[in-house]
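K.L.:
The structure under discussion is supplied below as structure tokens; questions concerning it will follow.
Readers should treat all values here as calculations from the given coordinates under stated rules, not as data from a laboratory. This structure is a prediction, so every number in the text was calculated from the model and none was measured. A quick note on method: Cβ atoms are made from the backbone with ideal geometry, for glycine too, and the neighbour counts reach across all protein chains shown.
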Amino acid sequence: MADLRINLAGIQSPNPFWLASAPPTNSGYQVQRAFEAGWGGAVWKTLGEPILNVSSRFAAVSFNGQRVAGFNNIELITDRPLEVNLKEIAETKKKFPNHTIIASLMVEPKQEKWHEIVKKVEAIGVDGLELNFGCPHGMAERGMGSASGQVPELVEKQTYWVKEVAKTPVIVKLTPNITDITVTAEAATRGGADAISMINTINSLAGVDIDTWNTIPHVAGKGAHGGYCGPAVKPIALNMVGECARNPHINVPISGIGGISSWRDTVEFLLMGATGVQVCTAAMHHGFRIVEDMIEGLNNYLDDKGIASVMDIVGKSVPKYSDWGNLDLNYKIVARINNDICINCNKCHIACEDTSHQCIDMLKAANGESILQVREEDCVGCNLCSIVCPVDGAIDMVELPNELPPMTWNERQAALGTMACDADIIKR
Ligand SMILES: Cc1cc2nc3c(=O)[nH]c(=O)nc-3n(C[C@H](O)[C@H](O)[C@H](O)COP(=O)(O)O)c2cc1C
């Protein structure tokens with residue numbers, strides 16, 4: 001069995017599966033049950049002020065039979081008194097000394113407020129701190145959460161204030177509600193962050209009831225924007241993790257969050273540079289025991305590949321993630337239809353004809369049956385036909401031998417003597 005233990009900026013955990021700061025980590029009762037189920041760590045529901053919440057808080061976005069494709073909430077941070085939370089954190093840590101407990105914190109952007117709460121939570125023995133600069137609703141209107149997290153100077157300054165007194169590692173949790181997350185990630189590292197975590201929820205409105213004209217959810221007929229999470233946000237989160245992991249100015253470990261529901265999702269985040277993951281929506285949808293499958297699946301994956309430790313796969317895909325300008329313009333793939341498997345539904349033909357490059361022909365075979373065939377010289381390798389095809393194996397995307405040596409846009413522009421299209425040059 002592979003070694004599933006992780007070390008994130010000095011924080012040890014028996015496995016990479018942590019519950020994210022959210023309803024599943026609201027109390028000692030819940031976190032202790034989660035640890036019994038197998039979760040390696042928990043980031044406690046954010047501690048801070050004020051202590052209030054509204055009734056009617058969540059909404060799901062269902063898609064094609066998937067009950068919770070996306071999840072939206074207008075919940076604030078914990079509404080339990082700080083003393084109660086601290087007492088339960090201490091009890092939980094005592095019962096589960098080898099499991100990881102991180103205290104998530106959010107206070108006003110004032111030095112004395114940060115010093116006060118950091119000292120209080122560290123006094124009861126946590127393994128680390130997570131600064132919540134991410135919640136997009138409620139707290140943001142009061143200058144906290146994502147209102148802080150969208151201003152690099154505030155991220156840097158508040159991280160610095162925390163680091164002035166913190167004795168345990170400090171993770172800065174970033175908001176995705178920003179054009180370029182690497183800017184705030186860099187600010188966090190300048191402030192002294194030991195690690196960063198991402199993503200918190202994305203500004204959203206789950207829907208509008210077309211009969212009552214109320215928003216979904218609504219509170220006595222009034223709505224407000226909420227935070228979006230769950231499977232739908234995974235690609236956004238994965239990109240943000242990858243962008244931070246490949247940025248040479250961000251040299252701290254990353255805790256990956258956003259739409260993670262399975263061991264496969266976890267492996268993807270680890271490969272893209274995360275040292276461990278945090279899960280919220282999937283636990284709310286399926287319960288704590290989903291971690292059993294996650295642990296087993298990750299173990300089997302590592303064993304099948306002969307990899308001794310989960311830490312050995314962290315960041316393995318990062319060198320493969322780059323700017324568009326570094327992609328080989330001469331690389332070519334084309335679609336090939338396997339007529340023995342194809343059911344002639346014509347979805348590929350329609351997709352190609354209406355919205356792509358009109359290169360799938362309907363022909364008559366010798367036996368009179370109609371078959372679909374790709375004109376390879378006109379196929380641009382866009383993948384659309386294989387995406388819409390309902391039958392596995394009916395369309396393969398096949399690599400053609402390179403007729404020309406590899407040539408990227410940047411190399412081409414350099415050869416032409418003009419400035420390369422390098423995101424770094426544009427950004428800085
Ligand atoms: C109902 C709800 C409440 C949340 N509360 C907090 C919170 O108090 N502090 C925090 O940092 N993140 C909070 N989050 C965000 C989650 O920790 C996590 O970043 C986000 O849900 C993305 O992960 P997921 O796709 O696995 O749900 C909350 C999310 C939900 C759904």
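K.L.:
Helix 234-245 sits at what angle to the longest principal axis of the chain, using alpha carbons and giving 0 to 90 degrees rounded to 10?
P.N.:
80
K.L.:
With each pseudo-label sitting 7 Å past Cα toward Cβ, what's the V398-E153 distance in nm, one decimal?
P.N.:
Going by the 7 Å Cα→Cβ label model, 6.0 nm.
K.L.:
Put a dot 7 Å past each Cα toward the Cβ at V183 and S370; how far apart are the dots in nm?
P.N.:
With each label point 7 Å from Cα toward Cβ, the separation is 5.3 nm.
K.L.:
Give the aspartates and glutamates reachable from K95 as a straight Cα distance under 15 Å; neighbours fewer than 8 places away on the same chain don't count.
P.N.:
Partners found: E36, D127.
K.L.:
I would also like to ask the following. Please list 249-256, 375-382 highest first by mean number of surrounding beta-carbon atoms within 10 Å per residue.
P.N.:
249-256, 375-382
K.L.:
Residue-wise, which Karplus ³J(HN,Hα) couplings in Hz belong to region 99-115, taking 6.51 cos²θ - 1.76 cosθ + 1.60, θ = phi - 60°, and x for glycine or proline?
P.N.:
Values per residue, Gly and Pro as x: 8, 9, 10, 10, 8, 8, 10, 8, 9, 4, x, 10, 3, 5, 5, 5, 4 Hz.
K.L.:
Another question about this same structure. Which whole-number percentage describes the relative contact order of the chain, with Cα contacts under 8 Å and a sequence gap of 6 or more? Working shown, then result.
P.N.:
Numbers: 929 pairs, mean separation 60.2, N = 428.
The normalised contact order for the chain reaches 14 percent.
K.L.:
How large, in Å, is region 324-399 by the Kirkwood hydrodynamic radius built from its alpha-carbon pairs?
P.N.:
The Cα-based Kirkwood calculation yields 12.9 Å.
K.L.:
Lys and Arg at +1, Asp and Glu at -1: add these up for the other residues within a Cβ distance under 15 Å of G306 and post the number. List each step's numbers first, then the result.
P.N.:
On the way: positive: K305, K316; negative: D3, D303, D304, D312.
That sum, taken over residues with Cβ under 15 Å, equals -2.
K.L.:
Here is a follow-up. Show log10 I(q)/I(0) for region 17-84 at q = 0.13, 0.23, 0.24, 0.25 Å⁻¹, two decimals, from a solvent-free Debye sum over equal Cα scatterers.
P.N.:
-0.47, -1.04, -1.06, -1.08
K.L.:
Under 1.5 on a/c is rounded, so check that first for region 300-428, then, if it is not, pick prolate when a/b is larger than b/c and oblate when it is not; a ≥ b ≥ c are the square roots of the alpha carbon gyration tensor eigenvalues.
P.N.:
oblate
K.L.:
Starting from the Cα gyration tensor of the chain, multiply each eigenvalue by 5, take the square root, and state the resulting semi-axes largest first in whole Å.
P.N.:
Output for the chain: semi-axes of 43, 26, 23 Å.
K.L.:
How high is the FRET efficiency between I210 and N53 when r is their beta carbon distance and R₀ equals 25 Å, given to the nearest 0.05?
P.N.:
Numbers: r = 28 Å, r/R0 = 1.10.
FRET efficiency, I210 to N53: 0.35.
K.L.:
Assuming a ≥ b ≥ c are the square roots of the Cα gyration tensor eigenvalues, decide whether region 30-166 counts as rounded (a/c under 1.5), prolate (otherwise, with a/b larger than b/c) or oblate.
P.N.:
It comes out oblate by the Cα gyration axes.
K.L.:
Rank P50, P390, P14 by mean-square fluctuation in a GNM of the chain with C-alpha springs under 10 angstrom and give only the top-ranked residue.
P.N.:
Among P50, P390, P14, the largest mean-square fluctuation in the Gaussian network model of the chain belongs to P390.
K.L.:
If you don't mind, another one. For the chain, set up a GNM with springs between Cα atoms under 10 Å and report which of G70, G315, G368 has the largest fluctuation.
P.N.:
G368
K.L.:
Next question. Mind sorting E75, E353 by how few other Cβ atoms lie within 10 Å of their own Cβ, fewest first?
P.N.:
Result, fewest neighbours first: E353, E75.
K.L.:
Run lengths n ≥ 4 of DSSP H only: what is the helix-derived mean residue ellipticity at 222 nm for the chain, with -39500 (n - 2.57) per run over all residues, to the nearest 500?
P.N.:
-9000 deg cm²/dmol
K.L.:
Tell me, what does the Kirkwood hydrodynamic radius of region 157-300 come to in angstroms if you use every pair of distinct C-alpha atoms?
P.N.:
Kirkwood hydrodynamic radius for region 157-300: 16.7 Å.
K.L.:
For R264, what is the net charge nearby, where nearby means another residue's Cβ is under 14 Å from its Cβ and Lys, Arg count +1, Asp, Glu -1?
P.N.:
Overall, the nearby charge balance is -3.
K.L.:
What is the helix-to-structure angle for 152-165, meaning the angle in degrees between its Cα long axis and the longest Cα principal axis of the chain, kept from 0 to 90 and rounded to the nearest 10?
P.N.:
It is inclined by approximately 40 degrees.
K.L.:
At R0 = 41 Å, how high is the FRET efficiency between K110 and N64 if r is their beta carbon distance? Nearest 0.05 is fine.
P.N.:
E(calc), rounded to 0.05, equals 0.30.
K.L.:
Another question about this same structure. I want the local charge near S317. Using Cβ-Cβ distances under 11 Å, sum +1 for each Lys or Arg and -1 for each Asp or Glu among the other residues.
P.N.:
+2
K.L.:
Taking other Cβ within 10 Å of each residue's Cβ, how do I333, I202, I101 sort, fewest first? Don't skip to the answer; put the middle values down first.
P.N.:
Working: I333 15, I202 22, I101 25.
Fewest-to-most ranking of I333, I202, I101: I333, I202, I101.
K.L.:
Going Cα to Cα from K364, which aspartates and glutamates come in below 16 Å? Please leave out same-chain ones fewer than 8 positions away.
P.N.:
In chain and number order, the partners are D340.
K.L.:
Okay, next question. Please determine, in degrees from 0 to 90 and to the nearest 10, the orientation of helix 181-190 with respect to the longest principal axis defined by the Cα atoms of the chain, where the helix direction is its Cα long axis.
P.N.:
The angle comes out near 40 degrees.
K.L.:
Within the set K157/K320; K119/K157; K45/K163; K45/K119; K87/K113, which residue pairs have Cα atoms separated by over 29 Å?
P.N.:
Pairs exceeding the cut-off: K157/K320.
K.L.:
Anyone know which of S370, S148, S27 comes out most mobile in the 10 Å Cα GNM of the chain?
P.N.:
The residue with the greatest mean-square fluctuation here is S370.
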